[in-house]
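The values are calculated or read from the model by the stated rules, or taken from the named source; none is laboratory data. This one's a predicted model, so the numbers in the text were calculated from it and none came from an experiment. We place every Cβ from the backbone using ideal geometry, glycine too, and count neighbours over all the protein chains shown.
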Amino acid sequence: MTTKNVHIKIDEMKTNNGLVKNLELSIGKVINENYNEPMGPTPMPSVTALRDWDLKLLNKYKAFYMPDCDSCCLCTFGKCDLTAGRRGACGLNIEAQSSRIVTIACSIGAACHSAHSRHLVHHLIEKYGRRYPLDVGGLNIKVEAPITRLVTGIKPETLGDLDDVLAYVEEQITQVLAAAHTGQEANSTDFSSKSLHVGMCDHIGMEVGDIAQISAFNYPKADPEAPLVKLGIGSVDRTKPVIMCIGHNVVPSIGIIDYAKEQKVDDSIEVVGLCCTAHDITRYYTRARIVGPISWELRFIRAGLADIVVLDEQCVRTDVADEAAKVGSPVIAASEKNCVGFKNRTNDSTDAIVDDLVSGRVAGVLILNPDKVGEVAVRVAMKVAPIRKHKNVLPTVDEVVAFAKTCTLCNQCQRNCPQDYAIPAAMKAAATGDISKLTELYEVCIGCGRCEQVCPQKIVIHSLIIKAGEKAMYSEDNLCRSGRGAVSDVEIRSVGGPIVLGEIPGIIAMVGCSNYPKGGKDVYDIAREFASRRYIVVVSGCSAMAAGSYRNSDGQTLYEEFPGGFEAGGVLNVGSCVANSHIAGAAIKVANIFAKRNLRGNYEEIADYIHNRLGAVGLAWGAYSQKAAAIAAGFWRLGVPVVVGPHGSKYRHALMGRKDNPENWNVIDARTGETVNGGPAPEHLFSVMETKEECIVQMSKLVIRPNDTWKGRAGKLSHYIDLHKRYMGVMPDDIHLFIRTPADIPITMKDEIQKILTERNWKETTIPDPTLLPRMVRKMKE
Amino acid sequence: MSCEPWQCAEIAATKKANPIQKPEIAVAMMQKAARPIIIAGSNLTERFMEGRPAIDFIIELAKASKIPVVATAHMVGEFVKRGYHPAAFMNAMAIGQRVVDPTWMGLDGKGHPDLVIMVGMPYYMQALILSGLKHFAPTLKTMTLDNMYHVHASWSFPNASLEVWATNLKVMTTTFGGN
């Protein structure tokens, strides 16, 4: 690919033609054209280059906005009341303002992933050099960076190549964020288009980060049998000093592991992770432990389990330092993005830093050198552990009861609980000595601690819940498959046909955070339902942890019960947040490797293929973050539907099709150029589900695509109808919209469905070769 | 009975719901509407009054008032197994999207609803859908039947105990002529 900043200097050179002295030659960039795939129409697209494609999607899936706030307070003209049609001082209305907030959220998310990747790339180039080769799967992967190739037209081969890719991403994020300034973009749909653009860039940013770290840290490389690693608080050996790493950027944690190995003390300590850092440390070092998602931070610290807390970036509770101080755990802030107010000790001697932290002279330090973080963390943990002796702030059971007796049942805890849990009822029972309701809350609590913040009696409610759930907490000893990274080209070749033809009913990608309405068990249940039905289930991040935290009746976790390959009935953990790129990457590779569509700079065609043919749907059941918004937006632009749990309504909009409007579902038949009805497939691009049951049913419908073969469609409908009957209690009311020919009818349901078709005055249609792009028509209608 | 949002941070509204002080007032407004619909959410089987799930109270009210019900989430099965067939079932956002479309001709194809009555969704989700209706269906009236004040509705009952909630729903049912 390209090489930047070539500088040649020749002091003296004798040639047949003469003598050359003091020749200096500088070249900004050398184009290395060993990537011979033809360039498509939109390499490195600008903010508007794919706008027409966006508008096709956004007209098909109209936004239903749900403003979280009636006013805008982003500039000093405000606050402006935008209620019901009023415009603000800048002229903006509530529709555009709502969409603008989504754009800002997606930009924050994309910036977050991309800045993470930028740090990784800088660090790895410094350590290994620009020419360090990228390798994400050896001979099994030729398409190493499908998103990057698709969007930028660049085929990255070395760490240095990723520089150019990130430069593009950073520029686009800046351009989109600029559009959100007061007095810029005016239109809600154009804001949505910009959200899609920055979401697409987010996917590139994630891909860059993960392929860089897979290559340099030698993570599992597209390995379906990546190791099973320990998961859960109960898996931590509490007799050893415990180093707790929180966040998403693995670099300081690797400093810790390397130092411990060098000093041969790795068997004497426990290195545990929360949030995505947990995934990435186990991809590097299988003896590390995954504790859990962001929700577990307070419970782990308050239970006194951390002898030192190391913070990197993203999803780190901002009160960790205060909480750690209460249990005597020193803190190291290891990221420029999260300095926690600590003094920068990067250039101080290690001995001095260790002494200060062990003695308690300082509660925490900022260290921006990962190797130094490693040494300090290990030495401090080993010295502090025997002093702390698991000091914790959990009350005894008697104290729980005593606290509960002071509760006035004012309901403030429940009214401030994001899940509206019945905390007062649990307190009332606890006051009588029955803590079972508090134990039940432990199972579903997301650990935010908002209940405590409002308690007029100053009851440490969350600590009471942790104490009541202590037994369950220490029994959390499960298994997670270490993040395997990409899906290999070989796997794509094996299943590409069955997926596109509908014989594998679909790909269910479960990603994102832990803001679950009723605990993580829902994630496990959903994943198991689809894996048992031989869908391909892909998981990542906190969802991958929730999926591994429960066991079947034989005592197996999902990762033991189902294979780890990209295959029917497989449950694949791709890894951390940035590994979500491999899910989009797999979809792109189906279009490229199976369908032989050109990849390079050919975004619209590939997205059109995925949207109309590939039965994939994403689920972020507990999505809470701006990063999740950006990830979702990247999938929207690829035409992949995304589902979120009820808290996802706070993303302020849904992108939904109208199955009651037939014209909504027109596609072009690429064989003839005729406009035909492809049916509501997929029905929505971004939808919010209220319950697990509804979610399962909807996802089974959202994998339907216009080009399904009759055999594939019959299989998909069979699952949809069966799940609908089981979870909704009745037959679907829209089955006639998905049957194109009698052959689509599931054979075992023929009589029942035929009756419905007759009642609905159903008429047979053809199975199109569907596209939304006129240029894809092979023979235009005369 | 407080007229602050049940979930305390949901206060970002400049236009707030009028509190319904008596259930008879709610009935009068429902009777005045030409094409009301009730949208019933998933919490109706999780919240109990007088030893019965809230869905039982809503079925009695729907039967007495003859107002068509849209069941959201997976609630259709819960209604059906209690012997009541809702007029429609669909995703909560999907019915919200239809209601803000002025060309939508309602569940029966005969006309757009003029009153949307919501009850029983997760509080924050119902609040956001009501916000969407407030902003983008400005001529529509909305009402909530929960015992939680919903700031974005046109009319909402104030925060109240389960006992008061049960009483309100029963009074409404009997006022409509039910048992």
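Among the residues that make up region A:572-586, is at least one of them modelled with pLDDT of 95 or more, part of a loop (DSSP other than H, G, I, E, B) and surrounded by fewer than 24 Cβ atoms within 10 Å (Cβ to Cβ)? Scanning region A:572-586, I find no residue that is modelled with pLDDT of 95 or more, part of a loop (DSSP other than H, G, I, E, B) and surrounded by fewer than 24 Cβ atoms within 10 Å (Cβ to Cβ), so the answer is no. One residue alone among A:397, A:380 is hydrophobic (A, V, I, L, M, F, W, C), on the phi < 0 side of the Ramachandran plot and surrounded by 19 or more Cβ atoms within 10 Å (Cβ to Cβ), and that residue is A:380. Could you list, in sequence order, all residues of region A:6-43 that are at pLDDT below 75 and within 30 Å of residue A:151 (Cβ to Cβ)? Correct list: A:6, A:7, A:26, A:27, A:28, A:29, A:30, A:31, A:32, A:33, A:34. Against the criterion of being out of contact with any Asp or Glu (no Cβ under 8 Å at 6 or more places or on another chain), buried (at least 21 other Cβ atoms within 10 Å of the Cβ) and within 14 Å of chain A (Cβ to nearest Cβ), residue B:17 qualifies. In the set (1) without any contact (Cβ under 8 Å) to a residue 40 or more places away in the chain; (2) within 23 Å of residue A:658 (Cβ to Cβ); (3) surrounded by 17 or more Cβ atoms within 10 Å (Cβ to Cβ), residue A:714 fails one condition alone, (2). Applying the condition of being over 19 Å from the mean Cα position of the chain (by Cα) and outside any helix (DSSP H, G or I) to region A:507-541 and asking which residue is nearest to residue A:611 (Cα to Cα) yields A:535. For residue B:101, the conditions (1) within 13 Å of another protein chain (Cβ to nearest Cβ); (2) in contact (Cβ under 8 Å) with a residue 40 or more places away in the chain; (3) not in a helix (DSSP H, G or I) all hold with the exception of (2). Within region A:76-86, the set of residues being of a type outside the set (Gly, Ala, Ser) and either surrounded by 15 or more Cβ atoms within 10 Å (Cβ to Cβ) or within 11 Å of chain B (Cβ to nearest Cβ) (or both) comprises A:79, A:80, A:81, A:82, A:83, A:86. Taking region A:743-782 as the range and being in contact (Cβ under 8 Å) with a residue 12 or more places away in the chain, part of a loop (DSSP other than H, G, I, E, B) and not charged (D, E, K, R) as the test, the residues that pass are A:745, A:746, A:762, A:765, A:766, A:767, A:768, A:772, A:773, A:777, A:780. Considering A:638, A:655, the condition of being within 14 Å of chain B (Cβ to nearest Cβ), at pLDDT 95 or above and either out of contact with any helix residue (DSSP H, G or I) (no Cβ under 9 Å at 6 or more places or on another chain) or under 29 Å from residue A:110 (Cα atoms) (or both) is satisfied by A:655 alone. Condition check for residue A:474 on (1) of a type outside the set (A, V, I, L, M, F, W, C); (2) surrounded by 21 or more Cβ atoms within 10 Å (Cβ to Cβ); (3) touching a Gly at 6+ places or on another chain (Cβ under 6 Å): one failure, at (2). Number of residues in region A:703-728 that are among the aliphatic types (A, V, I, L, M) and touching a His at 6+ places or on another chain (Cβ under 8 Å) equals 1.
Determine whether region B:135-146 contains at least one residue that is farther than 26 Å from residue A:727 by Cα and assigned to a helix (DSSP H, G or I). Looking through region B:135-146, at least one residue is farther than 26 Å from residue A:727 by Cα and assigned to a helix (DSSP H, G or I). Would you be able to say whether some residue in region B:79-98 is touching a strand residue (DSSP E or B) at 6+ places or on another chain (Cβ under 7 Å), away from every other protein chain (no Cβ under 13 Å) and at negative phi? Checked region B:79-98: no residue is touching a strand residue (DSSP E or B) at 6+ places or on another chain (Cβ under 7 Å), away from every other protein chain (no Cβ under 13 Å) and at negative phi.
For region A:313-359, filtering for residues that are without any contact (Cβ under 8 Å) to a residue 40 or more places away in the chain and among the hydrophobic types (A, V, I, L, M, F, W, C) leaves 10. In region A:44-62, the condition of being at pLDDT 95 or above and assigned to a strand (DSSP E or B) is met by at least one residue. Does residue A:294 fit the bill of being crowded, with 22+ Cβ neighbours inside 10 Å, at negative phi and either at pLDDT 95 or above or out of contact with any Lys or Arg (no Cβ under 9 Å at 6 or more places or on another chain) (or both)? So residue A:294 does not fit the description; no. Residue check: residue A:152 meets all listed conditions (1) within 14 Å of chain B (Cβ to nearest Cβ); (2) within 23 Å of the chain's Cα centre (by Cα) but one, namely (1).
Filtering region A:624-674 to residues that are crowded, with 23+ Cβ neighbours inside 10 Å and closer than 18 Å to residue A:697 by Cβ leaves A:641, A:642, A:643, A:644, A:645, A:646, A:648, A:654, A:656. Looking at A:351, A:371, A:434, just one residue is at pLDDT 95 or above, assigned by TED's automatic domain parsing to the domain that holds residue A:254, over 20 Å from residue A:245 (Cα atoms) and of a type in the set (D, E, K, R), and that residue is A:351. Among the conditions (1) touching a residue at least 24 places away in the same chain (Cβ under 8 Å); (2) surrounded by fewer than 23 Cβ atoms within 10 Å (Cβ to Cβ); (3) touching a Lys or Arg at 6+ places or on another chain (Cβ under 6 Å), the only one that residue B:54 does not satisfy is (2). Inside region A:304-403, counting only helices (runs of 4 or more DSSP H) that do not spill past its ends, which hold 3 or more residues that are within 28 Å of residue A:467 (Cα to Cα) and β-branched (Val, Ile, Thr)? In region A:304-403, the matching helices (runs of 4 or more DSSP H) lie at A:370-388. Residue pairs whose Cβ atoms lie under 7 Å apart, separated by 6 or more positions or on different chains, with the first residue in region B:129-156 and at the interface with chain A (Cβ under 9 Å from one of its Cβ atoms) and under 20 Å from residue B:32 (Cα atoms) and the second surrounded by fewer than 23 Cβ atoms within 10 Å (Cβ to Cβ) and modelled with pLDDT under 95, are B:134/A:84; B:134/B:15; B:138/A:84; B:138/A:85.
Kindly indicate the residue of region A:665-703 that is basic (Lys, Arg) and in a helix (DSSP H, G or I) and also nearest to the other protein chains (Cβ to nearest Cβ) among those meeting that condition. The qualifying residue nearest to the other protein chains (Cβ to nearest Cβ) is A:692. Candidates are the residues of region A:90-105 that are more than 27 Å from the chain's Cα centre (by Cα) and more than 12 Å from chain B (Cβ to nearest Cβ); the one that is nearest to residue A:623 (Cα to Cα) is A:92. Within region B:111-123, the set of residues being facing chain A (nearest Cβ under 9 Å) and either out of contact with any Ser or Thr (no Cβ under 7 Å at 6 or more places or on another chain) or free of Cβ contacts under 8 Å to residues at least 12 places away in the same chain (or both) comprises B:122, B:123. Is it the case, given these coordinates, that residue B:108 is surrounded by fewer than 20 Cβ atoms within 10 Å (Cβ to Cβ), away from chain A (no Cβ under 13 Å) and in contact (Cβ under 8 Å) with a residue 40 or more places away in the chain? In short, no.
Selection of region A:733-742 for residues being in a helix (DSSP H, G or I) and either within 38 Å of the chain's Cα centre (by Cα) or at pLDDT below 95 (or both) yields A:735, A:736, A:737, A:738.
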